[in-house]
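Visitor: Take a look at this one; I'll ask things after.
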Amino acid sequence: MRFKGDGFLQDCIPLPRESIGLYEDAAGGSTVLDEEDCMRRFVFTALLAALCSPALLAAPVASKTRPIRVLILDGQSAGPYHDWRLTTAVLKKELEDTGLFRVSVATSPRFGEDFSGFKPEFGSYQVIVSNIDAPDWPSDEKAQFEQFVESGGGLVVVHGADNTFPDWPAFNQMTGVGGWRDRSEKAGPIWYFKDGGLVPDDSAGPAGSHGLRLPFQVVTRSPEHPIMRGLPRVWMHAADELYATLRGPGKDMTVLATAHSDPKNKGTDRAEPSMVALKYGKGRVFHTMMGHDVAALSCVGFMTTFQRGTEWAATGRVTQRVPADFPSAETVKFRVDIAEMDPAFVKGPTTTNSFDGLADAALVAMRRRADELKIEGVAIVAYFEGDTIQSWSSKMAVVGKMKTLPVQEKKGSNLLAIAYSKASEMADTLKDSGSNVRPPMTGEFGWSGGVIVRGKKGFLIAAFSGGKSEDDVKVSRAGVAELKTGL
Ligand code: ZN
């Protein structure tokens, strides 16, 4: 039921009115928050007010339920591929859109810089959302952060934030697992999902890996956990990095969901944790491995689990309903208003209409075809608009090897150069490479193994070098077929 009339109960509804229709319970009802929830919140709010400082008590009594106070932490990443300025803005919007949270941002100096002006009052917040990937922090900040979670503060760790602080044991205990930044078996075992639970793999080696960014299915493993309750058992996440081979202590860690890491996309063939929940002292931690960029963050599945995970980390409960447009097992669902926050977003019916997303998929298709044909080499895909080439977008992947080594009779081949020569010939002739429409010019070889087709607005090119000509053509066909699905 929806509450009518004025006063507290109506204000208790945590969502903007216009989005209420999007939120349904499992039975299809439109309940947003039940009476019991509201009363509990009322009691909680009253209790909180009684415990608050005199300054707060002196303030006028708010008629609305007090929002959950969130601090997003950012300020550094290991590389430009994690654009924290952009992703913090998205995370903030996603939380604020629920009407449940009041969000502040603390931007940390880079490690090694002056921290004297950086004194976030962790204690003023109920939950910290970490969107920072730094090598280390000064000991004062670390001690305060530990104290915050230890004494019951919530923590949410998003994607690359689990790369951070490799040598800070308490932080690694909070996140359970992490990757990169020179982590090795010393950081703990690799954790993966098998036979209904997380299994440690004690073998030696680095931590952290992922393939190309493609959509992948997420499988719920703890359906009764408050964050997961009511979500489908399987849903399709938008194109994202699928983290694998993460290492860590894995203490008090509950796996909420996993994703299969595809060996055809540099994967482990294992069910890798994609969301986990942990306890640290009295604190709750929600750790999602998803969310590389704005496109991934715009996925309704990511957004919902992030909003619910943040509420759970802060309060131990989840009052938010599952949105009606939650992704199914086969279909990506994303929010255009979020995706548009990335200046690189190409407007269209799906994000995969942009060359980048399709190029990743095309290179994976070419890799698969090359594997089937048992050949290695270099794959490239390219796209240009119009009838003649002025500029193109292209992507390349080494599939096994980039060159053949010299032997007595042969000087060896630079397969990358040959693949681009094929593409160059096609860009000029608009025919498949090796079509013999004219004698090869300098820089071309006239070899087959590249395919060009006309798309909706321009030309799509795929070329492979490394196998026999007819096999190179087969691999290239797999690439253009994938590009053609959206261009
Ligand atoms: Zn990433």
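Just so it is clear, none of the values below were taken in a lab; they were calculated from the coordinates. If you're wondering where the values come from, they're calculated on a predicted model, not measured in any experiment. Virtual Cβ from ideal backbone geometry, glycine too; neighbours counted across all protein chains shown.
Visitor: How high is the relative contact order of the chain, given as a whole-number percent (alpha carbon pairs under 8 Å, six or more residues apart)?
Guide: Numbers: 1065 pairs, mean separation 53.8, N = 487.
It rounds to 11 percent for the chain.
Visitor: Further question: Can you pick out the pairs among Lys93/Lys119; Lys279/Lys333; Lys395/Lys484; Lys422/Lys484 whose Cα atoms lie more than 22 Å from each other? Please list the in-between numbers first.
Guide: On the way: Lys93/Lys119 24 Å; Lys279/Lys333 31 Å; Lys395/Lys484 15 Å; Lys422/Lys484 19 Å.
Beyond 22 Å between Cα atoms: Lys93/Lys119; Lys279/Lys333.
Visitor: Once you order the gyration tensor axes a ≥ b ≥ c over the Cα atoms, which shape class does the stretch 354-483 get: rounded for a/c under 1.5, otherwise prolate or oblate by comparing a/b with b/c?
Guide: Values: a/c = 1.92, a/b = 1.24, b/c = 1.54.
The shape class here is oblate.
Visitor: Quick one: what does P(r) look like for the stretch 62-346 with 5 Å bins over all Cα pairs, in whole %?
Guide: Going from the shortest bin to the longest, the percentages are 1, 6, 13, 18, 21, 19, 13, 7, 2, 1, 0, 0.
Visitor: Sticking with this structure for a sec: Can you pull out the trypsin sites (Lys or Arg not before Pro) in the stretch 362-410 whose DSSP state is coil and whose Cβ has at most 15 other Cβ atoms within 10 Å? Show your work: numbers first, answer last.
Guide: Values: sites: Arg367, Arg368, Arg369, Lys374, Lys395, Lys401, Lys403, Lys410; in loops: Lys374, Lys401, Lys410.
Loop-located and lightly packed - Lys374, Lys401, Lys410.
Visitor: Looking at the chain, what % of the alpha carbon pairs are farther apart than 27 Å? Please report the intermediate quantities before stating the final value.
Guide: Numbers: 72114 of 118341 pairs.
So the pairs more than 27 Å apart make up 61 percent of the total in the chain.
Visitor: OK, next. Loop only by DSSP, 16 or fewer other Cβ within 10 Å of the Cβ. Give me the trypsin sites (Lys or Arg not before Pro) in the stretch 64-142 that pass, ordered by residue number.
Guide: Lys64, Arg110
Visitor: Now for a different question. Subtracting the Cα-Cα distance from 0.36 nm times the residue separation, let me have the gained length for Ser435 to Lys194 in nm, one decimal. Let's see the in-between values first.
Guide: Details: separation 241, 0.36 × 241 = 86.76 nm, distance 5.11 nm.
So the chain would gain 81.6 nm between Ser435 and Lys194.
Visitor: Another question, then. Please label the shape of the stretch 433-487 as rounded, prolate or oblate, based on the square roots a ≥ b ≥ c of the eigenvalues of the alpha-carbon gyration tensor (a/c under 1.5 means rounded; beyond that, a/b larger than b/c means prolate, else oblate). Walk me through the numbers on the way to the answer.
Guide: Numbers: a/c = 2.83, a/b = 1.42, b/c = 1.99.
Note, shape of the stretch 433-487 comes out oblate.
Visitor: Rounding to the nearest 10 and keeping the result within 0 to 90°, find how far the Cα-based axis of helix 415-429 lies from the longest principal axis of the chain.
Guide: Approximately 80 degrees, to the nearest ten.
Visitor: Sticking with this structure for a sec: Residues with beta-carbon under 14 Å from that of Thr88, excluding Thr88: net charge, scoring Lys, Arg +1 and Asp, Glu -1? Write down the numbers at each step before the final one.
Guide: On the way: positive: Arg85, Lys92, Lys93; negative: Asp74, Asp83, Glu94, Glu96, Asp133, Asp293, Asp342.
So the environment of Thr88 carries a net charge of -4.
Visitor: Something else about it: Order the peptides 298-308, 72-82 from the highest to the lowest mean number of other Cβ atoms within 10 Å of their residues.
Guide: Working: 298-308: 25.3, 72-82: 17.6.
Highest-to-lowest ranking by the protection proxy: 298-308, 72-82.
Visitor: Any chance you could run the full-extension gain for Thr388 through Glu470? It's 0.36 nm times the residue separation minus the Cα-Cα distance, nm to one decimal.
Guide: On the way: separation 82, 0.36 × 82 = 29.52 nm, distance 2.70 nm.
Result for the pair: 26.8 nm of gain on full extension.
Visitor: Expressed as an acute angle from 0 to 90° and rounded to the nearest 10, what is the orientation of the C-alpha long axis of helix 139-150 relative to the principal long axis of the chain?
Guide: On a 0 to 90 degree scale, this one is about 70.
Visitor: May I pose another question? Using Cα atoms only, what is the angle between the long axis of helix 84-96 and the major principal axis of the chain, expressed in degrees (0 to 90) to the nearest 10?
Guide: Long axis of 84-96 versus the principal axis of the chain: about 50 degrees.
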